[in-house]
Amino acid sequence: MRRPGALRAIRGALLPCVLALTACTNPALPRFEATLAAQPSATVALAQWCAARRLASPATIHALADRTARPAPADVRRALGVSGQEALGYRHVRLACGDVVLSDAQNWFVPARLTPAMNEALATSQTPFGTVVAPLHFTRERLAARRGALPGCPKGTVLSHRAVLRRPDGAAISLVIECYTRATLARAPKS
């Protein structure tokens, strides 16, 4: 005889797997992955995706930023090539196109490797990191990618990336963990 609590536990354990599999079978997911892979900036890729899917007009990405400080784990400092004493900035953002939240991202960055104007914009505006630092012509080094959630991503994540952004001289400027939402794969409205 099965106990009701055991069934709830089994359902609770299986639900994230079912949601992840559902996202993986969504025919839009490979196209979305290709859009992200074609750009060093997730912000640019999300704007292109938003325009193609007609999720908002205009297809402008804005950051809903939470600037509450969060200490960087040791692995983040290693990936950025900074000592335990060097100051890091942190932003937790939800990137949205119109009212559609496309991603939830954590971003640790090295203020000393950015311009004063960039640091000011990151501290005071809703402008996405990729837009602010675009003049640096950064590249992206993907450290991890998963269909579903990496550790630290919220429920409902269909795709997640962990990456380091680098200036052309190779200096790391940011480590980002990007968690893409189910809304990213929503069907475009019919015309």
Within the under-9-Å Cβ sphere about Arg94, not counting Arg94, Lys/Arg +1 and Asp/Glu -1 give a net charge of -2
Expected sort for 124-130, 64-70, 141-147 on mean C-beta neighbours within 10 Å, highest first, is 124-130, 141-147, 64-70
For the range 124-175, averaging the sequence separation of alpha carbon pairs under 8 Å that lie six or more residues apart and dividing by its residue count, the contact order in percent is 32
Dipole check, the range 55-138, charges on Cβ (K,R +1; D,E -1), about Cα centroid: among Ser83, Leu136, Leu55 the Cα furthest to the positive pole belongs to Ser83
The answer for the net charge of residues other than Ala38 whose Cβ lies under 12 angstrom from its Cβ, with Lys and Arg +1 and Asp and Glu -1, is +1
Once Thr115 and Asp169 are pulled to full extension, the length gained, defined as 0.36 nm per residue separation minus their Cα-Cα distance, is 17.9 nm
For the range 50-144, the dipole about the Cα centre with charges only on Cβ (Lys and Arg +1, Asp and Glu -1), to the nearest 20 debye, works out at 180
Taking Cα pairs closer than 8 Å and at least 6 residues apart, the relative contact order of the range 79-191 in percent is 29
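Laboratory data are not the source of any read-out in this text; all were calculated from the coordinates shown. Predicted model, so just to flag it, every value in this text is computed and none were measured. Reconstructed Cβ throughout: ideal geometry from the backbone, glycine too, with neighbour counts over all protein chains shown.
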